[in-house]
1. Could you give the length gained on full extension between Asp909 and Ser360, defined as 0.36 nm per residue of separation minus the Cα-Cα distance, in nm?
2. Please state the relative contact order of segment 361-434 as a whole percent: Cα pairs under 8 Å, 6+ residues apart?
3. If I stretch the segment between Met173 and Ser779 completely, what's the gain in nm (0.36 nm per residue apart, minus their alpha carbon distance), one decimal?
4. Got a number for the accessible area of Glu286? Probe 1.4 Å, square angstrom, nearest 10.
5. Determine the relative contact order of segment 703-776: mean sequence separation of Cα pairs under 8 Å and six or more apart, normalised by residue count, in whole percent.
6. In what sequence, highest mean first, do 940-949, 496-505 appear when ranked by Cβ atoms within 10 angstrom?
7. Please compute the contact order of segment 420-559 in relative form: average sequence separation of alpha-carbon pairs under 8 Å and at least six residues apart, divided by the residue count, as a percent.
8. Of Lys562/Lys845; Lys198/Lys380; Lys379/Lys840; Lys192/Lys232, which ones are farther than 20 Å apart at the Cα?
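The values are calculated or read from the model by the stated rules, or taken from the named source; none is laboratory data. What you see is a predicted model, and the numbers here were worked out from it, not measured in a lab. Here the Cβ is made from the backbone with ideal geometry for all residues, glycine too, and neighbour counts use every protein chain on show. Only protein heavy atoms, including side chains, enter the accessible area calculation; ligands, DNA and RNA are left aside. Shrake-Rupley method; radii C 1.70, N 1.55, O 1.52, S 1.80 Å.
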Amino acid sequence: MADSVVSFLLENLTQLLTQELDLQGGVKDQVRSLKNELSLINLFLQKTEGKRHDELVKEVVSQIRDVAYEAEDAIDTYIITVAEHRRRSKLRKLIHSCDRAFTFHEVASKIESIKKIDKEIDDNRSKYGIEIAESSGGDAEAEKILHRRRNHVEEYQVVGFAHDAEELVKKLMEGSLQRNVVSIIGMGGLGKTTLARKIYNSNDVKNYFDFRGWVYVSQKYRIRELLLEILKGVTPMPKLKKYVLKAELKEELFHGLEAKDSSSKDKLKGTPIEDLNDIKAMNDEECRKALFEFLEHIQDHKLKKSLSGFVQGIYKKNGERWQDLDENELRSLLFDCLKDKRYLVVIDDIWDVEAWNEVSAAFPNNSNGSRILITSRSKKVALHATIVNNSVPPIPPYELPFLNKDQSWELFCKKVFWEGTCLPDLEDLGKQLVKSCRGLPLAIVVLGGLLASEDKTRRIWEKYIGHVNSYLTEDKSGCMDILALSYNHLPRRLKSCFLYFGIYPEDFEIPVRQLIRLWIAEGFIRQIGNRNIEDVAEDYLEELINRSLIQVAAKRLDGGVKTCRIHDLLRDLCISESSEEKFLEVHSNVNLSPIGKSRRISIHYGNNPYISSCPCKPSNSRSIIGFGGVVKLKSPDNCYLEWICKSNKLVRVVDLSNLGICCLISKGIEKLVLLRYLSISSGERHVIPNSICNLWNLETLDMRNSTGITICLPEGIWELQRLRHLYLDGPTSLPRTKKNTAALPNLQVLTGIAINEDTESHLAKARFPNLRKLGLYSSRGVESGILSSLLPLCHLQTLKISEFYEFPSATSISLTVTKITLVDATLSTAIMKLLGSLTKLRILKVRRDAPYRFLGITGLICDEGSFQQLEVFKMENLGVSGWYMGQGAMPKLQRLVIQSCEDIPMLPDELWCLGALRDVEISHPHPDLAEGLRQLQMRDGCKLHVYPPLNPTN
């Protein structure tokens, strides 16, 4: 994508100019010149946003992207060359001095190419500026054509919407008499419009509302057209002619009448015109009627003719059609038409908050049960529209689900077969094909349409098995263009983030925190003020979810998104757009030579895990990410990383953790000086070489899921000043340092660290001042003051301690942590007392991983008044036999999760008296506890979930 490439390159150049990197031989001036040129090109890209269907513009943008890539390669190569030059001896520096001269020449060459394109754009400003600005009509026309296609595709037989329709009709016809908004949200192709049409045409709705109106909005809406479309259904057009007198003409009318009144008082005596204020206070229709009645009563023929000509001239100026009214007048007209009616207006396919703000003023709140039903792909728009006023509780958006297996099959059969019944010998194949659609009605209908026009034979249908998405994406007019609307409507900052989902395999459950770290390493996330960049990235993801492009798969205990998914068709859209933009490529095997020109390579393999032994040509890929690992490799484990070190020196992101292989970090890793993200699983007796400390750009080092133990990190780890995330399986020791000022100021996450004197010393000396998440390992017999050493960490939010047996003697301590996880820890009375005293603790998780480990406790004791801020408490696989809660303990507890704690026979009575408690989940309870839960009467607002489900009492 040219936009993201140029933006990212601009950011890199800014950093390059401000860093201490030795930019000799005029390179600094050249880089500054390039930055200025790119800033101008960036303005052009912003101006052409949304107008890339124009082939001329598309070609220019493509050229910008390619040259920007080349310029980025030249700059990055120069950075690497300088870094390598610094590590050489004086003699080798002299020998390799020509390398720097060559790379400097490359930088200068690419900068000249950028300048040339910028000059071409400037020379053709009339072509690439004015014409583009005037091309919005073409955009609107293209969208109208797509809307007609969409209607053709979506007007299918309604299947699976009975429950949804029933729920929504209740929301429309019941509840407050105040005007309210009901919304249906979901991804494109889910059937939102079809469901809204079903509701709109139902007899109950027809009989309940005095007026029903329907308007389609779209991305390229015009507010006048929307208002006119609704007005056409309110009142027959003839009755609305001259209904509204424009404000400026009304002022001119009465100003003229007042002037004539003062000059002809005697002749007008006894006529209605004597009191102009009374007529002025009338509405426009009454005013018009009164004025023409007055003209009929004038006896003086000459005066009558003069005044009639004046009044008629005013009304002629006003116009006689709706098209003559401006937006404000149309709003007023629609408002007046609806104010005495109980109305239902459907606003279909609304994309922007601004569109709602512009049209909503036309809908009166007449306290008679009027409703507005909107359909949207954006949850943000729906939430905004539902906030009518503070006195009316908003109706939450209705999130339309995907069709289940039976509903999908029913819809498919109705589309393919005339009588809606599948031929018996095709049923097994048909169900396989329907499963590929993942419950998306649009995909099922398009697939059904394709098969309906084919012979109904196994030979034909077998061709589709395993290739459904390919057939659907080929038929762009039916499916992909409709889904692409959501992508086209994304702001620039979100487009790269969305396309990045193409790296993942089909139906892959994506860990959100890993995704966020990758986005940051790729440079997709913009720093906003002093906000934590991870929080900004989380906002980006929430926006993609709210736009119905990404689905939530699982949530964390605190309500945040833990994992997410993307529908297969949207994933195919990502891959298709990415391929065209050279953004990423997906390879279905690991024969890595040759590789294409895309900046990102995603390797998916299953049955051919063989890396070519042929020499690889140098690659300019910036990211290499692998998935697979179901078959044992035929080549050495470290061959992947070796290949990357030799042939991908410009790489920024390497993630091989999902390949199911063990990689060893070799000394050659120092060549990857641009590397920002490294995630691998290592083997036994693995030692991280000190050469990794030359990676001064490294932000994330993730070595979890490793089979071996890294005993100690290299001493040079303190040189990685940009390091933000360090994940280790542990227990790993931190290296000592002779420098009192040694620190990792940007480190946010540190896990897998052994508790020992060195660790406590480093923490107490605030060597990680911005740490937010810390994972520690303890061992029996170690006297620890670890908690007191955490006091300098004023940003610490999450703490995890494994195999912790003893706390210090202190009964309370002031920490900033809001979440604590204890694994295989002794939950003694002293430990529970100390935990209960933490004033900011909101989430507490305790679990036993070791199957036969005795943790030295028989019951949990929560003292009176303890855990004052705790909202979530999760116990897993604990061998405790009881739980005591003192009065006033856990007053803010909202969610309780108890998994496989089979020795607890009863829960404390105080638990069920907690007014904040909303959700209780219990799996595999003790038989006595199961019996007690079966007889328990839950209060309103609190839900109980038990697995396996409780059998009802006899």
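1. Net length gain for the segment: 192.6 nm.
2. Rounded, it is 16 percent for segment 361-434.
3. Between Met173 and Ser779, full extension yields an extra 211.8 nm.
4. 100 Å²
5. Values: 135 pairs, mean separation 22.8, N = 74.
Value for segment 703-776: 31 percent.
6. Top of the packing list down: 496-505, 940-949.
7. 16 percent
8. Over 20 Å apart, Cα to Cα: Lys198/Lys380; Lys379/Lys840; Lys192/Lys232.
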